[in-house]
């Protein structure tokens, strides 16, 4: 096992590890906490186990190999956060979100498990989505030896394509089971190439992602934002629709596509970043419950 530290001085702006990983952007990390070791987050990338812990504004890590470059990419640690936020609209609800979540960053996670995670997200709470992703990983993922026992990777499309809908339903996927099965087959057979999708302009890429079963415009936006490093997407979920109704009513245009364009114009040059702050703020604001 290798260990290391990414110092705060190498991260432009603040960084809040827990909020970033538990804000509904990703479901690929598992939090562990003991009095002896403190709070760590664990994920698997290909055949490597990666564990991270916040310390002194930076990040401790331990892994099979040095994951520094991967962590900087996945957790957006090279982005100048104050510069990004300077482009946010001067709106009270946006400023309140910044005040509450100073170190929130937008992730770029491995795209295949991100795609399946958000296919599972329909009408689900964040903790339930995480449970389903964990069930898929622990039941059908490859086992990787680690210091305190084996850890499971997320199953690849080839493995998921071999599963029956009944096997997927047994994990609690419900009506999402055929979506996972059929999308896995499309990926396995290279009917839709994620690499090709990622090379296209934003709206074209969103349309192409909807060729996967169970992927509408909102899920496609989530995949593009959190798995493919697109800056434009603003997933129009319940919380963002509420923000539009209350704070940006002029952006409501009657259709997903038109409303998406209008709200992107209101949220600054990096609308996906602004959206992530708004979503996290509104979802956790007790005055909204």
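Below are the figures for this structure:
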quantity	calculated
Percent RCO, i.e. relative contact order, over the chain, from Cα pairs under 8 Å lying at least 6 residues apart	18
Equivalent ellipsoid semi-axes - Cα gyration tensor, the range 1-158, angstrom	27, 21, 14
Ranked packing of 141-147, 43-49, most packed first, by mean Cβ within 10 Å	43-49, 141-147
FRET E, pair residue 8, residue 255, Förster distance 41 Å, beta-carbon r, rounded to 0.05	0.40
Principal axes of the range 2-78: Cα extent on each, largest first, Å	28, 27, 25
Label-to-label distance, nm, for residues given as residue 99 and residue 186 (7 Å Cα→Cβ offset)	4.3
Peptides ranked, highest mean first, by Cβ atoms within 10 Å: ranges 228-240, 112-124	112-124, 228-240
Whole-Å distance, taken between Cα centres, linking the range 54-98 and the range 102-117	12
Correct option for mean projected area of the Cα convex hull in nm² [calculated from the coordinates] among (i) 22.4; (ii) 18.3; (iii) 15.3	(iii)
Helix-derived mean residue ellipticity, 222 nm - over the chain, DSSP H n ≥ 4, -39500 (n - 2.57), to 500	-13000 deg cm²/dmol
Relative contact order (%) - the range 35-135, alpha-carbon pairs under 8 angstrom, separation at least six	16
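We did not get these values from a lab; they are worked out from the coordinates using the rules stated. None of these values were measured; they are calculated from a predicted model. Note that we place each Cβ from the backbone using ideal geometry, even for glycine, and neighbour counts take in every protein chain shown.
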